[in-house]
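No value in this document is a laboratory result; all are computed from the given coordinates. Values in this document were obtained by computation on a predicted structure and should not be read as measured data. Every residue, glycine among them, receives a Cβ derived from its backbone with ideal geometry; neighbour counts consider all protein chains shown.
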Amino acid sequence: MAKAVLTISSKNYGAWSLRGWLLARLAGLDFTEHVIPPDDPDMKAEMLLLSASMRVPSLRHNGVEVWDTLAIAEYLNEIKPQAKLLPASVKDRAHCRAVCGEMHSGFASMRGALPMNIKARFPGFTVWSRAQTDIDRVLAIWQECLTRYGGPFLFGKTPTVADAMYAPVVTRFLTYDVPVDAQAAAYCKHIMALPAMQEWVTAAKAEPDEIDELDAEF
């Protein structure tokens, strides 16, 4: 059986690529990476247009090609049910999907003002009001989930699709020194401590600086 192929972009800047890649890792899927070059239109679109629906990431597996991060998540949940990417109960799955959908389609101000840049650190970064509104909503979602399901992840003791969807936000909060409460700070530590996240961050830090910083900051 041919190994799955996941197409991704920059590991330093590619937030949607991180979501798809982390989902595949959490699912336990055996895959190889196909990394598109910095000047590829799809890569630029992922970073500059902040689009959730570009064909990056894209997964090819057993004759199936699936793109869009939520579609990849649903596919992985179907073929790897033992990974428990979605919660067990109908009620909790609905909540998880709603939380993921909100990340998938929203928070444009935050993503535009605080683009993912794992290598960088901006202590005391000033966040403009619209982006702060998005940040406040993210923190409210985290508080609700962590309180309801007991943590350390958004839907309990193991990471789910929701954690993959919000993982790039965790990296943004670290990059831009976003103040968070103790509960959110603990959650961020749990996300960054995941072996898959450590693997991604290590690769991101080793990535050549081939992308114009001004382009990436749009």
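Quick notes
- For the chain, the mean residue ellipticity at 222 nm estimated from helices alone is -16500 deg cm²/dmol, where every DSSP H run of n ≥ 4 contributes -39500 (n - 2.57) and the total is divided by all residues, rounded to the nearest 500.
- Helices that extend 27 Å or more along their long axis by alpha-carbon positions and average at least -1.0 on the Kyte-Doolittle scale are, among the DSSP H runs of the chain, 129-149.
- Hull shadow area, averaged, the range 59-216 [alpha-carbon convex hull, nm²]: 10.4 nm²
- Considering only V201, V180, V169, the Gaussian network model of the chain with Cα springs below 10 Å gives its largest mean-square fluctuation to V180.
- Candidates F31, F153, F122: whichever shows maximal mean-square fluctuation once the chain is modelled as a Gaussian network with Cα springs under 10 Å: F122
- Cross-link check: pairs K3/K91; K84/K189; K80/K119; K11/K80; K91/K205 evaluated at a Cα-Cα cut-off of 29 Å; pairs beyond the cut-off: K3/K91; K80/K119; K91/K205.
- For the range 129-176, alpha-carbon Rg and Dmax in angstrom: 11.2, 34
- Our estimate of slack between A182 and A206, defined as 0.36 nm per intervening residue step minus the Cα-Cα distance, is 5.6 nm.
- Spacing of the two label points (7 Å from each Cα toward its C-beta) at A108 and T126, in nm: 2.5 nm
- Where labels lie 7 Å past Cα in the beta-carbon direction, separation of T158 and V64 in nm: 1.9 nm
- Fraction of beta bridges assigned by DSSP in the chain that are antiparallel (%, nearest 5): 60 percent
- Estimated inter-spin distance, Q82 and A98, nm [label 7 Å along Cα→Cβ]: 3.3 nm
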